[in-house]
Amino acid sequence: MTQVKQVIFDMDGLMFDTERLSLECWMQAGKTLGRAVKREAFRKTVGRDIADARQIVREHLGEDFPFEEARRLRDKYLLEYVEEHETPIKKGLSDLLDYLDRAGIRKVVATSTEEQRASRIIYSAGLQGRFDNVVYGNMVEKGKPFPDIFLKAAGELPPAACLVLEDSPAGVEAACRAGMPVILISDLVEPEEAVICMCAARLESLLDVIDYICKG
């Protein structure tokens with residue numbers, strides 16, 4: 001493996017335990033709107049951009065489902081939670097960030113979430129200023145599984161020098177299409193074998209990434 005010069009982090013489900021929280025907020029939004037909703041419809045949106053999420057939800061819940069209003073409520077409930085309780089951080093994140101600092105390896109976030117929500121989640125976690133750059137979903141034309149967000153996150157570095165950390169199949173595919181090695185740390189979605197085969201490794205937690213880089 002080419003020496004890692006930059007680690008690119010997905011956000012929801014990878015750094016923070018927010019995919020489960022988001023799923024519950026989607027369900028709450030559906031109830032608020034008086035609509036019968038299916039948990040699986042929202043689970044399938046993990047790692048996808050807004051356009052894909054809208055299409056997936058309407059395929060499952062009908063073309064008349066008020067996606068934009070439900071999404072607004074989902075964001076409202078989620079942000080209310082993190083501002084009251086703080087963002088739930090995944091195991092090993094702080095240790096990995098500290099290690100990357102000591103090793104002089106750049107740290108970048110590449111999230112499908114739009115800046116308005118993502119920046120507040122990062123702030124709630126107390127991690128503002130810990131990253132060299134953050135690329136939000138609204139900064140690229142095409143979201144995951146297209147490679148745009150990872151290519152933008154790479155900056156001037158060659159893709160092979162960027163190690164991507166992902167929890168979703170869409171993110172894994174995007175990283176591969178960007179020509180970057182990717183580590184899968186599963187969250188809500190159990191990956192198919194084809195997705196696992198795309199990965200440089202599948203690890204249990206962010207803490208394991210330290211050993212992976214050291215051995216690289």
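Any read-out appearing in this document is the output of simple, stated calculations on the displayed coordinates, not a laboratory observation. Only a predicted model underlies this, so the values are computations on that prediction, with no experimental measurement involved. So basically every Cβ, Gly included, is an ideal-geometry build from the backbone, and we count neighbours across all protein chains shown.
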| query | Which length gain, in nm to one decimal place, applies between LEU157 and LYS5 when the Cα-Cα distance is subtracted from 0.36 nm times their residue separation? | reply | 53.9 nm
| query | Given H placed on each backbone N at 1.01 Å, which residues far from ILE89 in sequence or on other chains put an amide H within less than 5 Å of it? | reply | ASP17
| task | Starting from 0 in steps of 10 Å, tell me what percent of the Cα-Cα pairs of the chain lands in each bin. | result | 8, 36, 37, 15, 3, 0
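For region 128-216, which trypsin sites (Lys or Arg not before Pro) are both in a DSSP coil and crowded by at most 15 other Cβ atoms within 10 Å? If you can, show how the numbers build up before the last one.
Values: sites: ARG130, LYS142, LYS152, ARG177, ARG202, LYS215; in loops: ARG130, LYS142.
Filter output for region 128-216: LYS142.
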| Setting aside same-chain residues fewer than 8 positions from LYS76, which aspartates and glutamates have a Cα under 19 Å from its Cα? | ASP12, ASP17, GLU19, GLU24, ASP49, GLU68, GLU84, GLU86, GLU114, GLU115
| Ranking VAL182, VAL134 by Cβ neighbours within 10 Å, fewest first, what do you get? | VAL134, VAL182
| remark: Karplus-derived 3J(HN,Hα) from phi for region 186-200 (6.51 cos²θ - 1.76 cosθ + 1.60, θ = phi - 60°), whole Hz, x at Gly and Pro, runs 4, 10, 6, 9, 7, x, 6, 4, 4, 6, 4, 5, 6, 8, 5
| task | Report the FRET efficiency, 1/(1 + (r/R0)^6), for ARG120 and ILE210, where r is their Cβ-Cβ distance and R0 is 25 Å, rounded to 0.05. | result | 0.30
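Take the cross-link list LYS38/LYS90; LYS107/LYS144; LYS44/LYS142 and give me the ones stretching past 21 Å between alpha-carbons. Please report the intermediate quantities before stating the final value.
On the way: LYS38/LYS90 26 Å; LYS107/LYS144 19 Å; LYS44/LYS142 18 Å.
Beyond 21 Å between Cα atoms: LYS38/LYS90.
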| query | If you average 1/r over all unlike Cα pairs in region 19-85 and invert the result, what Kirkwood radius do you get in angstrom? | reply | 11.8 Å
| field | Highest-fluctuation residue, ASP132, ASP64, ASP148 considered, GNM on the chain with Cα pairs under 10 Å | value | ASP64
| note | Phi angles of region 127-140, converted by Karplus (6.51 cos²θ - 1.76 cosθ + 1.60, θ = phi - 60°) into ³J(HN,Hα) in whole Hz with x for Gly and Pro, give 10, 4, x, 7, 10, 6, 6, 10, 10, 9, x, 7, 8, 10
| task | Kindly point out which whole DSSP H helices in the chain project their C-alpha atoms 18 angstrom or further along the helix axis while averaging a Kyte-Doolittle hydropathy of 0.5 or above. | result | none
| task | Would you mind calculating the relative contact order of the chain from Cα pairs under 8 angstrom and at least 6 residues apart, reporting the percent as a whole number? | result | 26 percent
| field | Cα-based convex hull volume of region 19-132 per residue, rounded to whole Å³ | value | 105 Å³
| note | Shape descriptor, region 108-216: equivalent ellipsoid semi-axes (Cα gyration tensor, sqrt 5λ, whole Å, largest first) stand at 21, 16, 15
| task | Would you please give the residues with an amide H less than 5 Å from that of VAL109, counting only those at least 5 places away or on a separate chain, with H modeled from the backbone geometry? | result | PHE9, ASN133, VAL134, VAL135
| query | For region 6-54, what's the radius of gyration and Dmax over Cα atoms, in angstrom? | reply | 12.5, 46
